[in-house]
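A.B. asks: The structure that follows is given in the form of structure tokens.
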Amino acid sequence: MDNAERRAQLSAQSCISERTTVLFDYKAAFQNSVEQVRSEGRYRVFADLKRLRGQFPQAVRRRDDGSEQDVVVWCSNDYLGMGQHPVVLDAMTAEIEAVGAGAGGTRNISGTTRSAVDLEAELASWHQKEAALLFTSGYVANEATLSTLQKILPGLIIFSDALNHASMIEGIRHGGGPRHIFRHNDLAHLEELLAAAPLAAPKLIAFESVYSMDGDIADIAGTIALAKKYGAMTYLDEVHAVGLYGDTGAGVAERDGVLDGIDIIECTLGKAIGVMGGYIAADAVIVDAVRSWASGFIFTTSLPPALTAGALASVRHLKAHPELRDAHQERAATLKRRLVEAGIPVLPSVSHIVPVHVGDPVHCKLISDMLLEDFGIYVQPINYPTVPKGTERLRFTPSPNHDDGMIDKLVDAMDRLFSHCNVARRPVAA
């Protein structure tokens with residue numbers, strides 16, 4: 001090898017060595033991101049739970065060592081236990097036996113299943129609208145619809161409640177149009193923002209009925225009045241209310257007699273209805289426009305027929321059984337009262353949500369872990385970013401199936417652990 005070749009080889013080795021030293025360490029970056037979450041006390045661990053058919057809210061937890069533990073679930077969004085109800089299970093089983101498991105693709109390519117068509121008609125009627133459109137989840141329904149509305153309505157200005165769900169925020173951001181955030185449930189602030197917007201511009205107010213972390217409820221009638229005054233459309237997320245409020249369970253808007261004042265209602269099939277999926281209900285032309293433009297609908301495999309059949313059976317059952325809603329409200333009120341009597345700081349809530357303030361992510365996780373391991377009570381800690389730092393909490397969702405004995409055990413365990421962990425029991429101001 002002559003000198004020129006040797007110099008070329010050394011130069012190449014030097015370049016390789018230099019490149020090697022500056023290559024990005026991807027694995028370390030991911031590890032650092034996880035460690036940051038751990039250091040803040042908000043690392044989330046999923047419980048390995050097997051729900052027991054017909055025995056909700058009881059379940060079996062599998063520990064890391066393979067042993068099993070009987071637990072009572074206190075944080076499920078299957079608020080009425082419809083995911084275990086025989087009428088739902090029978091409908092799903094019959095649909096699988098009749099048409100098979102999968103939907104076969106998107107509705108644009110593979111067509112639509114009959115139970116999906118029937119379910120959309122049932123949902124539209126439920127909310128007193130002309131049409132409804134199914135999505136694969138409530139998250140997708142919000143993200144796809146709110147982003148698509150900004151394509152359909154150029155220059156649309158969206159006014160969004162400060163505590164709206166992440167899926168609503170993502171849809172609004174994805175649309176890329178002008179947006180304003182109004183203080184949570186503050187209609188005076190909302191009106192200030194509306195009054196400052198161009199009168200002729202298209203506008204939309206996006207808000208929720210029941211806010212699931214605090215358990216408070218929006219002034220829907222007041223919001224509708226402002227929308228009419230300033231020429232805005234209304235978009236109401238009822239995911240934590242559908243099935244639970246109103247004479248037939250259509251939500252808070254039905255309970256308050258203002259369904260006709262809401263332009264677009266968005267709901268889930270995965271909470272009180274007990275299955276999976278999401279939907280919007282609105283005038284037929286609105287639904288048709290979203291169906292024709294929304295990527296989140298067009299390019300996604302549709303819900304399997306067993307799910308749409310189960311959801312259809314669940315909705316029909318809920319419409320005919322208001323006693324389930326009565327029992328649900330009674331259980332929530334009873335749990336709040338019992339916790340308050342024990343000196344546990346329950347956050348003010350006018351809904352079925354029972355949030356207990358802890359205020360520290362480490363203590364919140366510790367109490368949650370001890371409830372599970374020592375008492376067989378499963379409730380997940382709610383930490384940042386789901387709620388603001390300093391407001392960490394345990395969020396209980398009692399169902400009609402949580403009996404007095406389960407409530408006794410929970411209250412006793414909370415009383416012991418708040419003392420053991422030295423967590424403040426100060427009253428929580430409204």
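The values are calculated or read from the model by the stated rules, or taken from the named source; none is laboratory data. The structure displayed is predicted, hence computed values, not measured ones. Ideal geometry is used to build each Cβ from the backbone, glycine not excepted, and the neighbour counts take in all protein chains shown. The area values use the complete protein model at the heavy-atom level, side chains included, leaving out ligands, DNA and RNA. Shrake-Rupley method; radii C 1.70, N 1.55, O 1.52, S 1.80 Å.
A.B. asks: State whether the range 336-382 is rounded, prolate or oblate according to the following rule on the C-alpha gyration tensor (a ≥ b ≥ c being the square roots of its eigenvalues): a/c under 1.5 gives rounded; otherwise a/b larger than b/c gives prolate, and the remaining case gives oblate.
C.D. replies: Working: a/c = 1.87, a/b = 1.54, b/c = 1.21.
Prolate.
A.B. asks: Using only the Cα atoms of the range 239-308, build the gyration tensor, take square roots of its eigenvalues as a ≥ b ≥ c, and label the shape rounded, prolate or oblate: rounded if a/c is under 1.5, else prolate if a/b is larger than b/c, else oblate.
C.D. replies: Values: a/c = 3.02, a/b = 1.28, b/c = 2.35.
It is oblate, given that a/c is not under 1.5 and a/b is not larger than b/c.
A.B. asks: Right, next: Just to be sure I follow: if Rg is taken over the C-alpha atoms of the range 65-150 and Rh is the Kirkwood radius over the same atoms, what is Rg/Rh?
C.D. replies: Working: Rg = 17.3 Å, Rh = 16.4 Å.
Taking Rg over the Kirkwood Rh, I get 1.06.
A.B. asks: Could you work out which residue, out of Val239, Val34, Val117, moves most in a Gaussian network model of the chain, that is, has the largest mean-square fluctuation with Cα springs under 10 Å?
C.D. replies: Among Val239, Val34, Val117, the largest mean-square fluctuation in the Gaussian network model of the chain belongs to Val34.
A.B. asks: Give, rounded to the nearest 20 debye, the magnitude of the charge dipole that the chain has about its Cα centre when Lys and Arg contribute +1 at Cβ and Asp and Glu contribute -1 at Cβ.
C.D. replies: 740
A.B. asks: Toward the positive end of the charge dipole of the range 224-323, about the Cα centre and with charges on Cβ (Lys, Arg +1; Asp, Glu -1), which of Leu269, Leu318, Thr301 goes farthest?
C.D. replies: Thr301
A.B. asks: Ok, one more. Give the shape of the range 172-324 as rounded, prolate or oblate, defined through the alpha-carbon gyration tensor: a ≥ b ≥ c are the square roots of its eigenvalues, a/c under 1.5 means rounded, and otherwise the shape is prolate if a/b is larger than b/c and oblate if not.
C.D. replies: oblate
A.B. asks: How large is the charge dipole for the range 167-220, taken about the Cα centre, if only the Cβ atoms of Lys, Arg (+1) and Asp, Glu (-1) carry charge, to the nearest 20 debye? Could you put the intermediate results ahead of the total?
C.D. replies: Working: 4 positive and 8 negative charges, 69 e Å.
Dipole size: approximately 340 debye.
A.B. asks: Another question, if that's okay. Assuming R0 = 35 Å, can you tell me the calculated FRET efficiency for the pair Phe299 and His321, based on Cβ-Cβ distance, to the nearest 0.05? Mind showing how you got there, number by number?
C.D. replies: Working: r = 37 Å, r/R0 = 1.06.
The value I calculate is 0.40.
A.B. asks: Continuing with the same structure: Give me the percent of the accessible area of the chain that comes from carbon and sulfur atoms, probe 1.4 Å, all protein chains in place. Write down the numbers at each step before the final one.
C.D. replies: On the way: 10780 of 20000 Å².
Exposed carbon and sulfur together represent 54 percent of the surface.
A.B. asks: Shifting gears a bit: Quick one: what Rg and Dmax do you get for the range 276-387 from the alpha carbons, in Å?
C.D. replies: Final numbers for Rg and Dmax: 20.2, 55 Å.
A.B. asks: Over what distance in Å are the Cα centres of the range 362-407 and the range 70-138 separated?
C.D. replies: If we compute the Cα centre of each part, the gap is 29 Å.
A.B. asks: In addition: What FRET efficiency would be calculated for the residue pair Val87, Asp186, taking the C-beta separation as r and a Förster radius of 45 Å, to the nearest 0.05?
C.D. replies: Numbers: r = 42 Å, r/R0 = 0.92.
With a Förster radius of 45 Å, E is 0.60.
A.B. asks: Here's another thing I want to ask about it. The list [x] -0.35, -0.73; [y] -0.47, -0.88; [z] -0.41, -0.77 gives values of log10 I(q)/I(0) by the Debye sum over Cα atoms at q = 0.07, 0.10 Å⁻¹, and only one came from this structure; which label was calculated from it?
C.D. replies: It is the one labelled [z].
A.B. asks: Among Val45, Val287, Val88, which one shows the biggest mean-square fluctuation in a GNM of the chain, springs joining Cα atoms closer than 10 Å?
C.D. replies: Val45
A.B. asks: Moving on. Using only alpha carbon pairs under 8 Å that are at least six residues apart, calculate the relative contact order of the range 57-213 and give it in whole percent. Kindly include the intermediate steps, with their values, before the conclusion.
C.D. replies: Numbers: 149 pairs, mean separation 23.7, N = 157.
Result for the range 57-213 is 15 percent.
A.B. asks: A further question on this structure: About its Cα centre, what dipole magnitude does the range 217-364 give when the only charges are +1 on Lys and Arg Cβ and -1 on Asp and Glu Cβ, stated in debye to the nearest 20? Walk me through the numbers on the way to the answer.
C.D. replies: On the way: 12 positive and 16 negative charges, 55 e Å.
It works out to roughly 260 debye.
A.B. asks: Among Leu146, Thr136, Ala29, flag the residue with its Cα farthest along the positive direction of the charge dipole of the chain, charges on Cβ as +1 for Lys/Arg and -1 for Asp/Glu.
C.D. replies: Ala29
A.B. asks: What does the accessible area per residue of the range 192-266 come to in Å², with a 1.4 Å probe and no ligands, DNA or RNA counted?
C.D. replies: Numbers: 2380 Å² over 75 residues.
Accessible area per residue, the range 192-266: 32 Å².
A.B. asks: If you don't mind, another one. Within the chain, how many Lys pairs that are eight or more residues apart, or on different chains, come under 22 Å at the alpha-carbon?
C.D. replies: Here the count comes out as 16.
A.B. asks: With runs of 4+ DSSP H residues as the only contributors, calculate the mean residue ellipticity of the chain at 222 nm using -39,500 (n - 2.57) per run, divided by the residue total and rounded to the nearest 500. Mind dumping the intermediate values first?
C.D. replies: Details: 16 runs with 197 residues, N = 430.
The per-residue figure over the chain is -14500 deg cm²/dmol.
A.B. asks: Considering only the chain, what is the antiparallel percent among its DSSP beta bridges, to the nearest 5? The partial results should precede the final answer.
C.D. replies: Working: 26 of 45 bridges.
Of the beta bridges lying entirely in the chain, close to 60 percent run antiparallel.
A.B. asks: Moving on. Just Ala196, Ala47, Ala132 to compare: in a GNM of the chain, with alpha carbon springs under 10 Å, which one fluctuates most?
C.D. replies: Ala196
A.B. asks: May I pose another question? Can you give the FRET efficiency to the nearest 0.05 for Asp369 and Leu52, using r as the Cβ-Cβ distance and R₀ = 22 Å? Walk me through the intermediate numbers first.
C.D. replies: Details: r = 23 Å, r/R0 = 1.03.
The computed FRET efficiency comes out at 0.45.
A.B. asks: A further question follows. Name the residues whose placed amide hydrogens come within less than 5 Å of the amide hydrogen of Ala131, ignoring near sequence neighbours (fewer than 5 apart) on the same chain.
C.D. replies: Here the answer is Ala282, Ala284, since their amide H atoms fall under 5 Å of that of Ala131.
A.B. asks: Another one. Solvent-accessible area per residue for the range 114-167 at a 1.4 Å probe radius, Å²?
C.D. replies: Dividing the accessible area of the range 114-167 by its residue count gives 35 Å².
A.B. asks: Take peptides 103-113, 227-237 and line them up by average Cβ neighbours within 10 Å, highest first, as a rough protection proxy.
C.D. replies: Values: 103-113: 15.8, 227-237: 20.5.
Going from most to least packed, we get 227-237, 103-113.
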